[in-house]
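The structure appears right after this line, and notes come after that.
The values are calculated or read from the model by the stated rules, or taken from the named source; none is laboratory data. Small disclaimer: the values here were computed from a predicted structure and weren't measured. A quick note on method: Cβ atoms are made from the backbone with ideal geometry, for glycine too, and the neighbour counts reach across all protein chains shown. To get the accessible areas, we keep the full protein, side chains included, count just its heavy atoms, and leave off ligands, DNA and RNA. Shrake-Rupley method; radii C 1.70, N 1.55, O 1.52, S 1.80 Å.
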Amino acid sequence: MGITVHPEAKALIFDLDGTLSDSLPVHLKTWEMIAEQFGFNFDPQILYELTGRPTIDFARRVVEKYGVNEAPEKIVRMKQELFWEHASLLKPHKPVVDLVFEHHGKLPMAIGTGASRRSAEVQLKALGLNKYFEAVVSADDVTLHKPQPETFLKCAELMGVQAHECQVFEDGVLGIEAAETAGMFITDVRPYTY
């Protein structure tokens, strides 16, 4: 059985990385390029541990774990520019994207992502999805990132829907926790995307 929309859901919220966008291979590739520049081997486990968090958290972990002598903010800029340059390699997670196509114009939809606004826009454009969402809430738009519920609550507010009427599609543990705290219906997309 495929992914379904809860019968009581009046709006849909999608995480981006790992949910709509099969971005993990591109993130891994660009982190490996950063690692090569600084002379260390990047541990892919970091990607799984911090899924849903802003890039600055990844950069801080890299600086701490590998003793990189560079400001995390500069590493973020380098990483983001590499990611944007390689956006053409992104692929959609078809089962989730099909849900977007199926419900476009029927239910309001939003993106709730830990990515920066620019990264979200680059990905949505690369995947041809930039016209399907009423709102995009990025890491730049909130103070408290996942696992705090602010990202998803802001999506609901921008769509004019109560939090308990929203269904969240997520692949990250932190995002699932955020959706639970927000009192939303939750679908873990991982069984459909791996």
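The set of residues in the range 63-102 being of a type in the set (D, E) and in a helix (DSSP H, G or I) consists of E64, E73, E81, E85, D98, E102. L24 - would you say it is of a type outside the set (S, T, Y), at pLDDT below 95, closer than 20 Å to G172 by Cα and open to solvent by less than 60 Å² (accessible area, probe 1.4 Å)? Answer is yes for this residue.
Among the candidates V136, V168, V122, V161, which residue alone is over 21 Å from T55 (Cα atoms), aliphatic (A, V, I, L, M) and outside any loop (DSSP other than H, G, I, E, B)? Write out each step before concluding.
Details: V136 fails: over 21 Å from T55 (Cα atoms); V122 fails: over 21 Å from T55 (Cα atoms); V161 fails: outside any loop (DSSP other than H, G, I, E, B).
Criteria check complete, one pass: V168.
Tallying residues that are within 17 Å of A120 (Cα to Cα), open to solvent by 50 Å² or more (accessible area, probe 1.4 Å) and without any contact (Cβ under 8 Å) to a residue 60 or more places away in the chain within the range 27-70 yields 0.
Being aliphatic (A, V, I, L, M) and open to solvent by less than 50 Å² (accessible area, probe 1.4 Å) is the filter here, so list the residues in the range 166-194 that pass it.
Taking the range 166-194 first, the residues aliphatic (A, V, I, L, M) are 168, 173-174, 176, 178-179, 182, 184, 186, 189.
Selection gives V168, L174, I176, A178, A179, A182, M184, V189.
Quick check on the range 94-105. Is at least one of its residues farther than 21 Å from E49 by Cα and among the small types (G, A, S)? Within the range 94-105 (the criterion being farther than 21 Å from E49 by Cα and among the small types (G, A, S)), the answer is yes, since at least one residue qualifies.
Out of P95, P108, report the one residue that is touching a residue at least 12 places away in the same chain (Cβ under 8 Å), surrounded by fewer than 18 Cβ atoms within 10 Å (Cβ to Cβ) and of a type outside the set (A, V, I, L, M, F, W, C).
Numbers: P108 fails: surrounded by fewer than 18 Cβ atoms within 10 Å (Cβ to Cβ).
One residue alone meets the criteria, P95.
Of L144, L124, all but one fail to be aliphatic (A, V, I, L, M), surrounded by fewer than 18 Cβ atoms within 10 Å (Cβ to Cβ) and closer than 26 Å to V76 by Cα; the exception is L144.
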